[in-house]
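The values are calculated or read from the model by the stated rules, or taken from the named source; none is laboratory data. Nothing here was measured: the structure is a model prediction, and the numbers come from that model. Cβ atoms come from the backbone with ideal geometry, glycine included; neighbour counts cover every protein chain shown. Just the protein is used for accessible areas: all its heavy atoms, side chains included, with ligands, DNA and RNA removed. Shrake-Rupley method; radii C 1.70, N 1.55, O 1.52, S 1.80 Å.
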Amino acid sequence: MGYLDNQTITVDAILTKKGRELLAQAGNLNITSFALADDEIDYTLYQPNHPNGSAFYDLAIRNTPVFEPVSDETQVMKYKLVSLNQGVTSIPVISIAQDKISIPRDYTGDIIISPSTNPAYNLTLGYTAILGNKNVGVLLIEQSNSINSVSSTIPTFAGDINTTSAQVVVGQKFRFLPNSSLGKTTSTILTIIGNESGGSLSIEVSVTVPSTTV
Amino acid sequence: MIFNQFDDTDVVAGRTSRVASGFWPDAVTFLSQSLLSDNYFELTQSFLTPSPSYGSSIYDIRRTMYYLDVFPSTSTHANNDPYFSVAYGNFYGDLGSGSFTVDVDSIKAFAPKAIYTQYQNMLVGSTDASGKFQMKSGSASDKTTADDIFVLSFSSYKLKDKLDEGIFEITLTGSNGSITVRDDSPFLSQASSVYNLITGSINDSTDSVPSYQGIGLFYPNDGVVVFNAKVVNQLIGLSNISSSGIVGPVTQPPANYSTSSYTGIRIGGSIVSATVNHKVFFWAIQNANNTIKVRKSEFVPSRHYFVRVKNRDFNYSNNPTYVFDGTDGNPNHQKGTIFNQDFITNPTTYVTTVGLYNDNNELVAVAKLSRPALKTFDNELLIKVRLDF
């Protein structure tokens, strides 16, 4: 007679830099929620036609080595798992009207960025918008939501967003104003992240400066 | 939803984990005593022109009049990273005739008296009328009093919170032989802040109650071991040892104590014609052909979070390999469509990371699983996350 596997998975956590900072400032972490992620997993390695049968379909995934935790909170939890109703065929996808924003620096019209999610999601917590380089302009909150925290941890990719020059805002709808005093044509990336779905969308933002005529 | 809230029953606070490890470099418990080195420089340096210079004052503690630092290897010695110190204390501070002539010439630092008093103040209880260290000797109620003490004081930084009682052993060698001593905690029924030293190894059986000889005291919480110098001298003979072992009386005292009238320091009523006593005691340790065994403990407050992942939760992923990116032109492969039919009929994810968030959705702690954990609508996960502070 064998033994039933009733093990609880036990893991040690490390504090992130943000956690250490908060612990030093406030004396407690006030942890209220958790999220799960699968950053290391390549789901294309799932082999539904494996010759040895179904027990081997996910062999390559189950044997994927897992990285040690790192203390930079922006470099972990990039791909979060999400809870959806059974039977869906797609995960919530964020979309906006623009596929690119390219305007001159003296543009005065309204550029409204109104993210939506299909199927409907992010209705309560809204979206986090990250302008990679705030020198190109400014993001304003056109429509706020119930939670307006700009301190939420935003996962980034090396070289993707320079957090020191990025602008982060949280809301349901945003307005972009170009920097009228910009000295040269500059492009950056605008990333919209769903605060409930975890999905994201990125577009290029380019503010042009007319070349001087002699 | 990508976040799940903890409820009150998911968080267990106030837990303290004891982390025990060896005291010596690389967290080992055993260290050959012959590897130990000390910083006693006066044997080769001139009193008036020491090199390296540690200031003009003989009282500078780096000149080892009060204690000497001990290093587990020459490399830690070179890095000035001591693991413990050795000191000699005398309740009266006298040398032999009742005077304070331990301080040769006109120095008058009374180092042995200062050492005894500071350990007395720190370790001897106020209810002890004699004001001296007392050790069990003979029957359970008999005690012997120590006028002279040798002290091993372990680095607070290195020992973390405490030395582990029951896992301490040291061998001393002198002209009369060797003794190996340990603390008596394995023979006692309850924990204490001080234990008596007895002869024997930590590998010995603990079936029979030991005989007490008044050898010394072990203070695990303070990281201090006090030896009764008189008893140690009687058991192993301290008068005729030197750095190279038992070669007869040492006739060359250290430079800064050197005078023509120098005769040594009294231990337990008899003159020991050797150099400064803490150096002699260090030799008694270093010359022993054995290992010094020391283990330490650290108490780490921790909090446990029970991450309960129910069957309906977290069965889909935002991982880019989980879905089509919508760029292949196939109308059935719209962006966000799950690419694998098996994941549509039986949604499956593989958890590798747990993130703990505060109410501002700031990631304050992160834990990684040792291998990906399968999650489907047919199973649940219970992950216990331990967060140490």
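Some observations on this one:
- Average accessible area per residue (Å²) across the stretch B:288-368 - probe 1.4 Å, nucleic acids and ligands excluded: 38
- Think of a 1.4 Å ball rolled over the protein heavy atoms: the stretch B:174-225 then has 43 Å² of accessible area per residue.
- Beta bridges from DSSP with both residues in chain A: antiparallel share about 85 percent, rounded to the nearest 5.
- Distance in nm between pseudo-label sites at B:Phe389 and A:Glu68 (7 Å out along the Cβ direction from Cα): 2.5
- Partner lysines for B:Lys279 [C-alpha distance under 18 Å; skip if fewer than 8 residues away on the same chain]: B:Lys113, B:Lys230
- Shielding by partners, peptide A:69-76 (average Cβ within 10 angstrom, other chains): 4
- Using the Karplus relation 6.51 cos²θ - 1.76 cosθ + 1.60 with θ = phi - 60°, the per-residue 3J(HN,Hα) values for the stretch A:50-57 come to 4, x, 8, x, 5, 5, 9, 4 Hz, with x marking Gly and Pro.
- Using C-alpha pairs under 8 Å with a sequence gap of at least 6, the mean separation divided by the residue count of the stretch B:265-389 gives a relative contact order of 30 percent.
- Those residues of the stretch B:1-34 for which accessible area with every protein chain present is at least 40 Å² below the isolated value (1.4 Å probe): B:Met1, B:Ile2, B:Asn4, B:Phe6
- Phi-based couplings in Hz for the stretch A:98-115 (Karplus 6.51, -1.76, 1.60; Gly and Pro marked x): 8, 9, 6, 10, 9, 9, x, 5, 9, 5, 10, x, 7, 10, 9, 10, 10, x
- FRET efficiency estimate (nearest 0.05) - Cβ-Cβ, B:Ala191 to B:Phe377, R0 51 angstrom: 0.50
- Per residue accessible area in Å² of chain A, where ligands, DNA and RNA are left out and the probe is 1.4 Å: 52
- Distance from the Cα centroid of the stretch A:9-62 to that of the stretch A:98-150 is 29 Å (rounded to whole angstrom).
- Length-normalised contact order for the stretch A:11-126 - Cα pairs under 8 Å, 6+ apart - percent: 24
- Computed from label points 7 Å out along Cα-Cβ, the spacing between A:Ser211 and A:Ile112 is 3.6 nm.
- Carbon/sulfur fraction of accessible area - chain A, other protein chains in place, 1.4 Å, %: 50
- Fully extended contour minus Cα-Cα distance, from A:Val138 to A:Ser165, at 0.36 nm per residue: 8.6 nm
- At least 50 Å² of accessible area lost relative to the chain alone, listed for the stretch B:314-333 with a 1.4 Å probe: B:Phe314, B:Tyr316, B:Asn318, B:Asn319, B:Thr321
- Range in chain A, longest, excluding exposed chymotrypsin sites (Phe, Trp or Tyr not before Pro) [loop by DSSP; at most 15 other beta-carbon atoms within 10 Å]: A:68-156
- Spin-label pair B:Asn332/B:Ser75, simplified geometry with 7 Å Cα→Cβ offset, distance in nm: 6.3
- Derived scalar couplings between HN and Hα for the stretch B:352-359 equal 10, 9, 10, x, 9, 10, 8, 6 Hz in order, rounded to whole Hz, by the Karplus curve 6.51 cos²θ - 1.76 cosθ + 1.60 (θ = phi - 60°), x for Gly and Pro.
- Stretching the chain fully between B:His304 and B:Ser201 yields a gain of 33.2 nm (0.36 nm per residue, less the alpha carbon separation).
- Interface of A with B. Using a 1.4 Å probe and counting protein heavy atoms only, the two chains hide about 6700 Å² of accessible surface, both sides summed.
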